[in-house]
Amino acid sequence: MNIVVCVKQVPDTAGERKLRADDARLDREAADGLINELDEYAIEEALLLKEAHGGEVTVLTMGPDKATESIRKALSMGADKAVHLVDDALAGSDALATSYALAQVLRSIGFDLVVVGAESTDARMGAMAAMLAERLGVPQLSLASKVEIDGSTIRIHRQSEDGYQVVEGALPAVIGVVEKINEPRYPSFKGIMAAKKKPVQTMSLADAGIEPSLVGLANAATEVVDFADRPPRQAGTIVKDEGDGGVKAAEFLAAQKFI
Amino acid sequence: MSEVVVLAEHAGGAVKKVTFELLTLARQFGDPVVAWAGEGAEEAQPRLAEYGAAKVYVADGDGFTGYVTAPAAELLAQLVERTSPAAVLLAATGQNKEVAGRLAVKINSGVLADAVGLAAQDGKIIAEQSIFGGATTVHSAVKQGTPVITVRPNSVAPEPAQGAAALEPVQITLSEAAKGAKITERVVQERGERPELAEAAIVVSGGRGVGSAEGFDLIEKLADSLGAAVGASRAVTDAGWYPHKFQVGQTGQTVSPQLYMAIGISGAIQHRAGMQTSKTIVAVNKDPEAPIFELADFGVVGDLFQVVPQLLEEIGKRSGS
Ligand SMILES: Cc1cc2nc3c(=O)[nH]c(=O)nc-3n(C[C@H](O)[C@H](O)[C@H](O)COP(=O)(O)OP(=O)(O)OC[C@H]3O[C@@H](n4cnc5c(N)ncnc54)[C@H](O)[C@@H]3O)c2cc1C
Ligand SMILES: Nc1ncnc2c1ncn2[C@@H]1O[C@H](COP(=O)(O)O)[C@@H](O)[C@H]1O
């Protein structure tokens with residue numbers, strides 16, 4: 001089975017994240033980049049499926065040169081090879097453009113199964129599995145907390161607001177995984193050494209058949225009008241419980257008319 | 001005036017409050033109309049009229065309950081084609097963010113997720129979003145196609161307005177592609193009598209500090225005394241003390257209530273991602289260094305097993321008098 005796992009490099013959520021003053025793009029140079037943590041679950045699931053059903057795992061990343069750090073990490077976890085879509089014209093692409101660009105690469109490299117994370121910690125769109133499935137015309141099996149493949153049938157548990165649904169489709173398909181699904185492995189020393197020799201193919205817009213007029217900041221379908229650091233929250237009142245903490249909390253709730 | 005399409009959130013005819021919030025927001029941009037997928041539109045009609053819906057486009061049949069997200073996206077895409085609305089608004093649930101994504105691809109429009117407010121400015125719809133764990137507030141607009149926007153529940157107080165809510169059946173033939181992911185079974189975990197987490201005006205959440213599944217009785221009692229929904233941190237759902245569907249955070253639900261109470265929760269970034277737009281935040285934690293206190297409007301540094309029972313007693317006294 002030819003499994004492609006989509007991995008995004010994002011700024012560290014523990015560090016400071018900023019939009020650039022001139023064009024309101026995420027300042028990716030200023031922040032430390034690492035793998036979007038939810039994508040580690042997608043990589044793990046891809047590796048587990050390969051171990052169970054055979055085949056090959058390809059990492060697909062769209063992002064600047066710097067994203068190679070995340071690609072190496074994914075390879076060191078055990079993925080076999082990687083495709084890095086990198087082109088200056090892609091900078092500032094929104095969800096519509098990103099899904100288009102990724103879909104074009106997926107069409108050109110081919111796949112039986114695409115695995116994506118539930119959402120990225122920076123954009124938080126949470127819609128990539130749906131958008132890719134729509135573009136590629138294949139089943140969308142997302143918000144999965146469990147995945148089973150049986151021949152060409154794939155069955156998942158899809159998390160919903162009131163429990164879960166069992167959802168079934170046929171390969172080829174796109175799956176999106178939530179963090180309940182597995183426990184991502186740590187790269188071993190051997191894995192890290194092996195990753196250095198694994199093939200990483202870079203692709204440009206032209207290589208993937210991507211129309212330059214459909215990607216990048218200037219062609220985005222959405223725009224940031226303005227942005228501002230949120231004024232620091234007014235420091236709250238913090239009291240130490242001296243045997244009256246519950247009473248004090250009740251007074252606060254009453255003053256705010258909650259009780 | 002153009003129409004503004006609101007996708008109704010409902011459970012078999014019972015309309016969820018967020019639908020009225022979306023109708024309230026929609027009014028400023030045009031005539032609010034409802035897209036109703038599935039059964040129950042007749043039952044819901046009077047309530048939708050109360051909140052100013054001019055029309056209710058109804059598409060029912062198995063297709064809308066039997067498959068994942070694609071049918072709702074096809075319904076909305078056909079309405080967009082037919083009536084060229086000023087925007088399509090959806091509640092920002094995990095499921096609807098996916099519907100919005102598919103719709104945006106179908107109609108080649110920009111999509112904005114997780115708005116916490118909408119306003120009109122120079123003929124454009126401006127969405128307010130809170131990003132980077134609440135550190136930055138952004139105003140965004142769609143500049144291509146019909147804006148598709150998901151809005152968090154509790155972003156606005158629903159205001160009644162008169163509307164005809166005329167029911168208008170629409171015939172939708174689902175494409176084969178929309179039937180690719182078939183729902184074969186539904187497993188519903190009971191919620192009991194409490195309000196729904198995403199919609200509740202008050203949420204009381206417990207974390208690892210609660211100590212055990214039994215400890216959650218205390219959280220439930222506090223929630224019930226306030227008419228609140230119960231939430232939990234991932235540490236709790238991972239330990240199996242409370243079901244996952246109550247998880248608040250990056251990989252659980254995003255809530256934005258009037259009051260959020262974090263009891264025995266440290267306030268990890270992934271938890272904050274799901275609750276930081278709450279209007280008022282109260283925390284109880286025995287560690288004065290817990291990051292949750294950075295967000296709290298009111299915090300008690302203390303043992304929750306002392307503080308919460310006393311708080312319950314006080315609430316009892318006050319509601320008794
Ligand atoms: C990919 C990913 C996704 C995640 N998604 C989520 C998510 O959606 N939601 C989420 O919540 N987390 C999520 N997490 C986990 C998150 O990082 C934290 O581990 C989790 O939120 C911690 O839960 P907690 O605050 O209950 O536990 P802890 O961090 O262990 O905090 C417990 C707190 O309780 C206090 N305490 C203990 N005993 C008492 C007492 N008797 N009285 C008062 N206070 C007491 C302690 O001082 C401590 O501050 C995610 C993590 C990852 C990697
Ligand atoms: N630039 C990208 N390159 C590769 N995968 C991506 C990219 N952007 C998003 N994804 C995938 O889509 C998922 C959802 O991201 P998002 O839509 O940004 O919330 C991520 O978890 C990734 O698996």
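Counting other C-beta atoms within 10 Å, and keeping those with at most 12, which DSSP coil GluC sites (Glu not before Pro) do you find in the stretch B:103-209?
B:176, B:190, B:193
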Modelling each spin label as a point 7 Å along the Cα-to-Cβ direction, I'd like the residue A:202/residue A:171 distance in nm, to one decimal.
3.3 nm
Based on other C-beta atoms within 10 Å, arrange A:108, A:93, B:225 from fewest to most.
A:108, B:225, A:93
Cut-off is 10 Å between beta-carbons; in what order do A:98, B:237 appear when sorted fewest neighbours first?
B:237, A:98
If you rank A:193, A:77, B:261, A:203 by fewest surrounding Cβ atoms within 10 Å, what's the result?
A:193, A:203, A:77, B:261
Within 10 Å of each Cβ in peptide B:129-139, how many partner chain Cβ atoms are there on average? Round it to a whole number, please.
6
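Using a 10 Å cut-off on Cβ to Cβ distances, tally the other chain neighbours for every residue of B:167-180 and report the average as a whole number.
2
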Ranked highest first by the average count of other Cβ atoms within 10 Å around their residues, in what order do B:77-84, B:203-210, B:64-71, B:138-145 fall?
B:203-210, B:64-71, B:138-145, B:77-84
Candidates A:70, A:99, A:213; GNM for chain A (alpha-carbon contacts under 10 Å) flags as most fluctuating A:213
Of every Cα-Cα pair in chain A, the percent that sits beyond 24 Å
53 percent
Ranked by how many other beta carbons lie within 10 Å on average, peptides B:246-253, B:110-117 from highest:
B:246-253, B:110-117
antiparallel share of DSSP beta bridges within chain A, to nearest 5, in %, is 40 percent
Applied in sequence order to the stretch A:243-253, the curve 6.51 cos²θ - 1.76 cosθ + 1.60 (Karplus, θ = phi - 60°) yields integer Hz couplings, x standing for Gly and Pro, of x, 10, x, x, 5, 4, 4, 5, 4, 4, 5
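Based only on the alpha carbon positions, what is the Kirkwood hydrodynamic radius of the stretch B:241-321, in angstrom?
Its Kirkwood hydrodynamic radius stands at 13.4 Å.
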Separation of alpha-carbon centers, the stretch A:83-159 and the stretch B:162-194, rounded to whole Å:
24 Å
Of all C-alpha pairs within the protein assembly as shown, those more than 43 angstrom apart amount in percent to 18 percent
A chain fully extended from residue A:254 to residue A:91 at 0.36 nm per residue, minus the present Cα-Cα distance, gains in nm 53.7 nm
Which one of A:225, A:83, A:105 has the biggest mean-square fluctuation once chain A is modelled by GNM with Cα springs under 10 Å?
A:225
In chain A, which longest range has no GluC sites (Glu not before Pro) that are both DSSP loop (not H, G, I, E or B) and surrounded by at most 14 other Cβ atoms within 10 Å?
A:30-241
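No value in this document is a laboratory result; all are computed from the given coordinates. Note that the structure is a prediction, hence the values are computed from the model and not measured. Please note: Cβ atoms are built from the backbone with ideal geometry, for glycine as well, and neighbour counts cover all protein chains shown.
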